[in-house]
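These notes concern the structure reproduced below.
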Amino acid sequence: MQANPAETIPERTHYRACNLCEAICGLEIRVRGTEILSIRGDAADPLSRGHICPKAVALKDIHQDPDRLRKPMRRTAEGWEEISWDAALDLAAERLVAISQQHGAASIAAYYGNPNVHNYGSMTHGSRALAPLKTRSRYSATSVDQLPHQLLAFRLRQMGDHGLARRAAMHRRARPSASPVGCSRGRPLRLKGRAPTVWR
Ligand code: SF4
C-alpha cells in the first residue's frame, strides 16, 4: 500500500502568541506543511498557562478561509481585479490626498483596533503613516464604547446626590400618586426585618 503523500510531511509544533488582543495568550500550533492540525493553549506560557478563548481556536478558520483577502484587490466596473502591492499603495496614496484636498483633512478617519498595541509594524509606523494626513478623526474601541460610559459617569458625578434627589422630588411633585423609588408594584419595598423603604 502506498503512503499518503501528505503523511510523509513531518508534523511540526510552533509556539506563538495570539495576536487578537492584548492578553497575548500563548498558543501551541501543530502544523503539517501549510496545514494547521490543531491550535491549543500553551501550558508553559507563564501568563495564560494553557488557557485561550474560542477566538484563538478560530484562527485556523481565518487562515484557511478561501475568501480571506490574500492579495490587494481593486474594484472595477467589471468586478474585482488583483493588483500589485505597489499599484495598491499608489492608488491608496493618490485617493487619500485627493479626498483630503477636496473635503478637508478631517474627512479621512482612522480606526485603531486591538492588534495595533501588540504589532511591531503598527506600533513603529502607524502614527508616522497617519501624521501627514493631519486628521483629528481618530477612533478606537475606547472612543466608540468606553468614553461615552466615562462621560456619563462624569456627568452623574457632577450632578451628585443633589441633582438626582432634586429630579426625583420634582417628579414626585408632578405625579404625587406615583410609586416611590424602590417600590414593587405600587407597594413600598419591604426588606426582611426593616421598615418600608420610601425615598424622599
Ligand atoms: S486567546 Fe482570546 S483572550 Fe487570548 S489573546 Fe487570543 S483573543 Fe485574546
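Tabulated data
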item	result
Near pairs, Cβ below 9 angstrom, 6+ apart or cross-chain, from the stretch 22-36 (in the same structural domain as residue 56 (by TED's automatic domain parsing) and in a strand (DSSP E or B)) to any residue that is within 16 Å of the ligand (Cβ to nearest atom) and of a type in the set (Phe, Trp, Tyr)	26/15; 27/15; 28/15; 29/15
Residue ranges of strands (runs of 3 or more DSSP E) in the stretch 77-164 with at least 2 members aromatic (Phe, Trp, Tyr) and within 29 Å of residue 24 (Cβ to Cβ)	110-112
Among (1) within 16 Å of the ligand (Cβ to nearest atom); (2) surrounded by 11 or more Cβ atoms within 10 Å (Cβ to Cβ) - the single one residue 35 does not satisfy	(1)
Residues of the stretch 99-118 classified as among the polar types (S, T, N, Q) and under 20 Å from the mean Cα position of the chain (by Cα), total	2
Complete set of residues in the stretch 38-63 that are within 23 Å of residue 116 (Cβ to Cβ), within 8 Å of the ligand (Cβ to nearest atom) and either in a strand (DSSP E or B) or in contact with a Phe, Trp or Tyr (Cβ under 9 Å, 6 or more places away or on another chain) (or both)	none
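The values are calculated or read from the model by the stated rules, or taken from the named source; none is laboratory data. Everything numeric here is computed off the predicted structure, so don't read it as measured data. When we count neighbours, we look across all protein chains shown, and the Cβ atoms used for this are built from the backbone with ideal geometry, even at glycine.
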